Amino acid sequence: MSVLEIRDLHVSVGEGDDAKEILRGVDLTVRSGETHAIMGPNGSGKSTLAYSIAGHPKYTITGGTVTLDGEDVLEMSVDERARAGLFLAMQYPVEVPGVSVSNFLRTAATAIKGEAPKLRTWVKDVKSEMELLEMNPAFAERNVNEGFSGGEKKRHEILQMRLLKPGIAILDETDSGLDVDALRIVSEGVNRSREEGQVGVLLITHYTRILRYIKPDFVHVFVNGKVVEEGGPELAEKLENEGYAAYVKGSQEVASA
Amino acid sequence: MTDQNTTGLTTESAVLAGELFGEGVGTQAGPPTTPADSTAVAPGAHSHGGTPTGSPAERFTSTDPDAFGVPTGREETWRFTPMKRIKPLLDGAASDARVTWTTDLPEGVELTRVDAGDPLVKGLPEPVDRLAALTRQNSDGADVVRVAKEAQLDRPVTLGLAGTGGDSAGEMPVVWGQLVVEVGAFAKATVVLDHSGLAKYSGGVTVLVGDGAQVTLVSVQEWAPGAVHGGQYDAVVGRDATFKQVVVTLGGDLVRLVSNVQYAGPGGSAELFGVYFSDETQHQEHRLWVDHAVPNCTSNVLYKGALQGEGARTVWIGDVRIRPAATGTETYELNRNLVLTDGARADSVPNLEIETGEIVGAGHASATGRFDDEQLFYLCSRGIDAETARRLVVRGFFADVVQHIGVDALQDRLMATIDARLGALPALDEQPVEVA
């Protein structure tokens, strides 16, 4: 059972006079077994939230707290956060030339579990997860993300989530750039983890499309660096029909007031 | 991406940083908007931003050393080279000294020697600098590896060239060598030159790739400390032939290799891979010249190097020329340098001259910097500690090139050497990482 608690989180990028506040007081709690969708227009700070939780050095936390099961996440290094049970499926996964997928996965699994996984079961696990994600076995010998198509990169992210079994998984626009088939395959991967019961999912998306495959328990509308409305799945339907215009307009009025 | 040229590291570059350093591997130069109008192109005719590139449009070649004059270190071709340290080669007299040869010749391969008057030697591409001309002269003929036409070798041809550390009198005269690898039409061969030991060695290597042949030349420089190695490598690529060269420079005090490619007929393909790792005080210089003078040929250049320690120094010059007749050319060259510690210096000068607009594509990129923090973040976000992540990235940086050799045992040996060298790196986890 994991609980990720975000309280009044303020985050900026840049330094000195160039510093710009992106997150302006985010409050959010995600528990194991729950799926939260964070929806918002471009530039609202959704990805900043994801990367700040994961610990990307580009972002400066200027206020607030993030805890995982009571432990201070903001005090942890990037790798400590992952070992504590956080996982970020990235929107733009990074190429790592010369490092094979199989070597990368094994190294990561060893780091997360604290010991090298038993070779026979590990190879079997990787193979079966790759099959379920409809990935060619030759993938394992390719260099990490190098020459991968957009869809291949996203499957590879979900493959990692499946194998590393995090307590809390943050999926940053995992649906972007996917065709319908790839979206279904990736969503099914996420749903397998949800059905196994122990993962809390923070699903960041611009569109409602992926929510037809991954049903959220909670929907949060994210505008201008904070959550402006919360509700259940019905809120996603409202956004589908009405878009973000009402929220964006409102925030601008607040900003100019 | 932040590893590009923003570090205060000395990077000599003929092109504007903004054009060179794009996301990932850099920015394509793109097709030229105004093709040059004659072969007499001034230096820098295709130069981003009009900065002179320094490389002449036509290269002077001669078999007569005196035709070049004695270099002072101010010449374009010598300006990066520490003249004091290469002087023993430039001043070297003809000698009987040899390196020890250990050969593995598969069936279908013949090793012979021809004298200087042989038409084969007379017909080789000419030396491009004084040292290469001295080498041609002093080697007095050539060792010839012949691969019969249509031969399919069951294993690589391996020539181990080991320096003996000098003669019984304690002298270490220059060893001069000229090797010709002649591969017949439609043959497929891999030739490995494996340099080791202590020597002052200047060796010319010419690969004649027959029509339709597929040839891989691997040149490994795992010299002992103190060794000095100069060499001109030429490849003449036949019609529809494929030539791949992999240069791996790890050892020695000074290594300066000049690799030239020319195409004897249309449809040829050349891939030039290189990897180098310069430690304290090592000077490693790789100069490339790909001359596209016939239609429908391709060239791809990828050189990657790492530097660590005070006085580590690398130089990479990548010249690609597309002459007016070379329509349908496709070329790309990339040089990346990973600077692991302070006190190291990497020079990188890509230069592309395009004299016809009717090409498929031409581009180059160069980047020198520290670790890529996005790669490290990605690995760390999967629970991998920073130290392990850095080792993975550096190892991968090298493996990316080494895996092109295609000889497993050799690849494993080279990666083990690189691992050992990386292991010697003090406090890798304390290296600075730049943040965007």
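For chain A, what does the helix formula give at 222 nm: sum of -39500 (n - 2.57) over DSSP H segments with n ≥ 4, over the residue count, nearest 500 deg cm²/dmol? Write out the running numbers ahead of the final one.
On the way: 8 runs with 97 residues, N = 257.
Taken over chain A, the calculation gives -11500 deg cm²/dmol.
On the Cα set of the stretch B:270-372, report Rg and Dmax in Å, please.
Rg, Dmax (Cα atoms, Å): 15.2, 46.
Give the order of A:Y59, B:Y263, B:Y233 when sorted by the count of other beta carbons within 10 angstrom, beginning with the fewest.
Numbers: A:Y59 20, B:Y263 29, B:Y233 25.
So the ranking, lowest neighbour count to highest, is A:Y59, B:Y233, B:Y263.
Kirkwood hydrodynamic radius, computed over distinct alpha-carbon pairs, for chain A: how many Å, to one decimal?
Numbers: mean 1/r = 0.0529 Å⁻¹.
Averaging 1/r across every pair of different Cα atoms and inverting gives 18.9 Å.
Under the rule of at least 5 residues apart or a separate chain, name every residue whose amide H is placed under 5 Å from the amide H of A:I170.
Amide H neighbours of A:I170: A:F87, A:L88, A:A89, A:L202.
Measuring from label point to label point, each 7 Å out along Cα→Cβ, what is the A:K127 to B:L111 span in nm?
Reported label-point gap for A:K127 and B:L111 is 4.4 nm.
Using the Kirkwood radius over Cα pairs, work out the Stokes-Einstein diffusion coefficient for the protein assembly as shown at 25 °C and 0.890 mPa s, in µm²/s as a whole number.
Details: Rh = 27.8 Å.
The calculation lands on 88 µm²/s.
Going by how many other beta carbons lie within 10 Å of each one, how would you line up B:R345, A:R192, fewest first?
So the ranking, lowest neighbour count to highest, is A:R192, B:R345.
With θ set to phi - 60°, apply the Karplus curve 6.51 cos²θ - 1.76 cosθ + 1.60 along the stretch B:282-299 and write out the HN-Hα couplings as whole Hz, x wherever there is a Gly or Pro.
With the stated coefficients, the stretch B:282-299 comes to 6, 10, 10, 10, 10, 10, 10, 9, 10, 10, 8, 10, 10, x, 6, 10, 10, 9 Hz.
Taking the Cβ of each residue in B:L338, B:L111 as the centre, tally the other Cβ atoms inside 10 Å and list the residues starting with the fewest.
Details: B:L338 23, B:L111 14.
Sorted ascending by nearby Cβ count, the order is B:L111, B:L338.
Any idea what the relative contact order of chain A is, in percent, if you count C-alpha pairs under 8 Å spaced at least 6 apart?
Working: 477 pairs, mean separation 70.5, N = 257.
Relative contact order here is 27 percent.
If amide H atoms are built 1.01 Å from N in the plane of the peptide, which residues on other chains or at least 5 residues away come under 5 Å of the amide H of B:L288?
B:S259, B:I317, B:G318, B:D319
Expressed as a whole number of Å, what is the distance separating the alpha-carbon centroids of the stretch A:123-165 and the stretch B:340-372?
Cα centres, the stretch B:340-372 to the stretch A:123-165: 32 Å.
For the stretch B:209-219, in order, what is each residue's ³J(HN,Hα) by Karplus, 6.51 cos²θ - 1.76 cosθ + 1.60 with θ = phi - 60°, in whole Hz (x at glycine and Pro)?
9, x, 4, x, 7, 10, 10, 10, 10, 10, 10
Tabulate in residue order the Karplus-calculated ³J(HN,Hα) for the stretch B:103-112, using 6.51 cos²θ - 1.76 cosθ + 1.60 with θ = phi - 60°, rounded to whole Hz; enter x for Gly and Pro.
Karplus values, whole Hz, x for Gly and Pro: 10, 10, 10, x, 4, x, 10, 10, 10, 9.
From the square roots a ≥ b ≥ c of the eigenvalues of the alpha-carbon gyration tensor of the stretch A:7-144, which class results: rounded (a/c under 1.5), prolate (a/b over b/c), or oblate? Numbers along the way, then the final one.
On the way: a/c = 2.07, a/b = 1.85, b/c = 1.12.
Judged from the Cα gyration tensor, the stretch A:7-144 comes out prolate (a/c at least 1.5, a/b above b/c).
Pairs of Cα atoms under 8 Å, at least six residues apart: use those to get the relative contact order of the stretch B:301-421, whole percent. Could you put the intermediate results ahead of the total?
Working: 189 pairs, mean separation 30.1, N = 121.
It comes to 25 percent, rounded to a whole number.
Percent antiparallel among DSSP beta bridges with both residues in the stretch B:272-365, to the nearest 5?
Numbers: 0 of 42 bridges.
Taking every DSSP beta bridge with both residues in the stretch B:272-365, the antiparallel ones total about 0 percent.
Provide, in order from the shortest bin, the percent of all Cα-Cα pairs of the stretch B:71-171 in each 5 Å bin, continuing until the bin that contains the maximum pair distance.
Computed distribution, short to long bins: 2, 9, 15, 16, 18, 17, 12, 6, 3, 0.
Let me spell out the model: positive unit charges on the Cβ of Lys and Arg, negative unit charges on the Cβ of Asp and Glu, origin at the Cα centre of the protein assembly as shown. What dipole size does that give, in debye rounded to 20?
Values: 62 positive and 98 negative charges, 138 e Å.
Value, rounded to 20: 660 debye.
What's the extension gain from A:S149 to A:M1 if we count 0.36 nm per residue and subtract their Cα-Cα distance? Each step should come with its number before you reach the end.
Numbers: separation 148, 0.36 × 148 = 53.28 nm, distance 3.50 nm.
Length difference between fully extended and current span is 49.8 nm.
How shielded is A:75-82 by partner chains, expressed as the average number of their Cβ atoms within 10 Å of its Cβ atoms? Could the numbers behind the result be given before it?
Details: counts 0, 0, 3, 12, 13, 3, 3, 7.
Other-chain Cβ atoms within 10 Å of each residue's Cβ, averaged: 5.
Could you list which residues have their amide H under 5 Å from that of B:V248, counting only those 5 or more apart in sequence or on another chain, with H placed in the peptide plane?
B:S219, B:V220, B:Q221, B:V275
Of the DSSP beta bridges with both residues in the protein assembly as shown, give the percent that are antiparallel, rounding to the nearest 5. All intermediate terms of the calculation are to be shown ahead of the outcome.
Working: 37 of 180 bridges.
In the protein assembly as shown, approximately 20 percent of DSSP beta bridges are antiparallel ones.
Can you tell me the relative contact order of the stretch B:197-236? Whole percent, Cα pairs under 8 Å, sequence separation 6 or more. Let's see the in-between values first.
On the way: 47 pairs, mean separation 27.2, N = 40.
Reported relative contact order: 68 percent.
Using +1 at the Cβ of each Lys and Arg and -1 at the Cβ of each Asp and Glu in the protein assembly as shown, identify which of A:T62, A:Y207, B:V147 lies farthest towards the dipole's positive end.
Result: B:V147.
Residue by residue through A:88-97, how many Cβ atoms from other chains fall within 10 Å of the Cβ on average? Write down the numbers at each step before the final one.
Numbers: counts 4, 1, 4, 0, 3, 1, 11, 7, 12, 13.
Mean partner shielding for this stretch: 6.
Are there any chymotrypsin sites (Phe, Trp or Tyr not before Pro) in the stretch A:107-149 that are in a DSSP loop and have at most 12 other Cβ atoms within 10 Å? List them by number.
Those that pass, being in a loop and sparsely packed, number zero.
In peptide A:108-118, what is the residue-averaged number of other protein chain Cβ atoms found within 10 Å of each Cβ?
Details: counts 7, 2, 3, 8, 3, 1, 1, 0, 0, 0, 0.
Averaged over the peptide's residues, the number is 2.
Quick note: the coordinates plus some simple rules give every number you see, no bench work behind them. Since the model is a prediction, treat every value here as computed from it, not as a measurement. Note that each Cβ is placed from the backbone with ideal geometry, even for glycine, and that neighbours are counted across all protein chains shown.
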